[in-house]
1. Can you find a residue that is open to solvent by 50 Å² or more (accessible area, probe 1.4 Å), over 26 Å from Pro9 (Cβ atoms), out of contact with any Cys (no Cβ under 8 Å at 6 or more places or on another chain) and polar (S, T, N, Q) anywhere in the range 141-154?
2. Say we look at the range 52-80 and pick out the residues that are closer than 30 Å to Gly117 by Cα and of a type in the set (Ser, Thr, Tyr); which of these is most open to solvent (accessible area, probe 1.4 Å)?
3. In this structure, does Arg109 turn out to be charged (D, E, K, R) and either modelled with pLDDT of 90 or more or open to solvent by less than 80 Å² (accessible area, probe 1.4 Å) (or both)?
4. Output the residues belonging to the range 118-140 that are part of a loop (DSSP other than H, G, I, E, B) and open to solvent by 60 Å² or more (accessible area, probe 1.4 Å).
5. Would it be correct to say that Phe61 is in contact (Cβ under 8 Å) with a residue 24 or more places away in the chain, under 18 Å from Val136 (Cβ atoms) and touching a helix residue (DSSP H, G or I) at 6+ places or on another chain (Cβ under 9 Å)?
6. For the range 156-165: of the residues being out of contact with any helix residue (DSSP H, G or I) (no Cβ under 6 Å at 6 or more places or on another chain) and surrounded by 11 or more Cβ atoms within 10 Å (Cβ to Cβ), which is modelled with the highest pLDDT?
7. Give Met99, Met73 a once-over and let me know the one that is assigned to a helix (DSSP H, G or I) and modelled with pLDDT under 95.
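The values are calculated or read from the model by the stated rules, or taken from the named source; none is laboratory data. Since we're looking at a predicted model, the values are computed, not measured. Backbone-built Cβ (ideal geometry, glycine too); neighbour counts: all protein chains shown. The protein model used for the area step is the full one, side chains on, heavy atoms only, and it has no ligands, DNA or RNA in it. Shrake-Rupley method; radii C 1.70, N 1.55, O 1.52, S 1.80 Å.
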Amino acid sequence: MPPLLSYAPEALLAKQWLQAYAYGPVFVPPLILSGTLCNVLLAYSSPTTSMKLLYGLAAAFTWIIMPFTLLYMEPGVNGAGKWKVERLLVDEDGDKRYMMKENEGWLPRVDRHTATGEARAWAEGVRMRDIVERWVVVNRWRFWVTALAMGVSAVATCNWGGLLW
């Protein structure tokens, strides 16, 4: 995202962010579910308590990304991004080129508004660039939690140095 932040005009950045955001639901849930399930199965089948605990911890770290995304990111920075996109993508006549309905139900959709009133107000007062920068920072946290889960699972798998059991 940094090269996009440096050079893209606001409307183009809005299109680029929306495209990047829309890829998430395609590949993130299968990775989270498979990573969680694999670590749960490894924990269940492990011969020692320490391995069971480590794989269980890795499963928990992997799984925590889903509620974090659904309960924090979606009504916050993701929703603010979608709110801002709708306001930026207008044609020469002032008509909106990208319209979203309000989200219905508890499961968010890429093509529906999910922002809280606070997130919408924030989006109105900042540039798309500010929203994308915040989105990058929040996504980094998800990356580090995933890396931590992978590391914990690797420690259990490799029994590095025989220190654990």
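1. yes
2. My answer is Tyr72.
3. Taking the combined requirement at face value, the residue does not satisfy it.
4. Arg127
5. Against the criterion (in contact (Cβ under 8 Å) with a residue 24 or more places away in the chain, under 18 Å from Val136 (Cβ atoms) and touching a helix residue (DSSP H, G or I) at 6+ places or on another chain (Cβ under 9 Å)), Phe61 does not qualify.
6. So the residue we want is Thr157.
7. It is Met73.
Condition check ((1) within 30 Å of Asn159 (Cβ to Cβ); (2) hydroxyl-bearing (Ser, Thr, Tyr)) across all residues:
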{"site": "Leu41", "(1), (2)": "yes, no"}
{"site": "Thr62", "(1), (2)": "yes, yes"}
{"site": "Ile65", "(1), (2)": "yes, no"}
{"site": "Val85", "(1), (2)": "no, no"}
{"site": "Gly125", "(1), (2)": "no, no"}
{"site": "Asp130", "(1), (2)": "no, no"}
